[in-house]
Amino acid sequence: MGNQSLFLIDQKEGLSLEFSKLLSMMDYTRVTTLAEVKDLSVEQLDYLINKKANSIGMLLAHLVSVEKAYQIDTFEKREFTEEDFQKLNPGLELGNAAREQIKGNTIEFYLEQLAQTRKRQLIHSGNCLIHGCLSKLRFGEEILQITTSSGSM
């Protein structure tokens, strides 16, 4: 990981301090997680160590659902509806339904879901200036491109 700014939780250009802190932590989590899972097969993504475990694929789906839930709460500032829960689950709550439904997906599927969710996060931020969002979005896409195309970071 050659990007030292990844380890800094600080203000980002064009973003409020609080949103910058959150985005810094989310970026670190995303980059370190993707570095570990980028080469996993579908079988590895679906592996369950026991009957009550969560697979890596399930946890990646959970990251997507939690970020979407955060977007509803933060940007839309409203209570969750039944429709929201239907869209967010089984990734949000995990459990038996997730074990039955979240499987058979490639790493590219999860990477695309993560990228689309983050793109929405950046676009919907009321504290984000267009220049700051686009710079950060390009950085995020570059990470995904590096992880999916070249297989290295």
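The values are calculated or read from the model by the stated rules, or taken from the named source; none is laboratory data. Keep in mind that what you see is a predicted model, and the values were worked out from it rather than measured. Note: ideal-geometry Cβ built from the backbone for every residue, glycine included; neighbour counts use all protein chains shown. What goes into the accessible areas is simple: the full protein's heavy atoms, side chains included, and nothing from ligands, DNA or RNA. Shrake-Rupley method; radii C 1.70, N 1.55, O 1.52, S 1.80 Å.
Dipole magnitude for region 1-113: computed about the Cα centre from +1 point charges on Lys and Arg Cβ and -1 point charges on Asp and Glu Cβ, it is near 260 debye. Within the accessible surface of region 1-102, defined with a 1.4 Å probe on protein heavy atoms only, the carbon and sulfur portion equals 54 percent. The local environment of Ser65, defined by Cβ-Cβ distances under 11 Å, has a net charge of -1 under the rule Lys, Arg +1 and Asp, Glu -1.
Report the FRET efficiency, 1/(1 + (r/R0)^6), for Ile9 and Glu79, where r is their Cβ-Cβ distance and R0 is 30 Å, rounded to 0.05.
On the way: r = 30 Å, r/R0 = 1.00.
Here the calculated transfer efficiency is 0.50.
For trypsin sites (Lys or Arg not before Pro), the sites in region 9-62 that DSSP calls loop and that have at most 14 other Cβ atoms within 10 Å are Lys51, Lys52.
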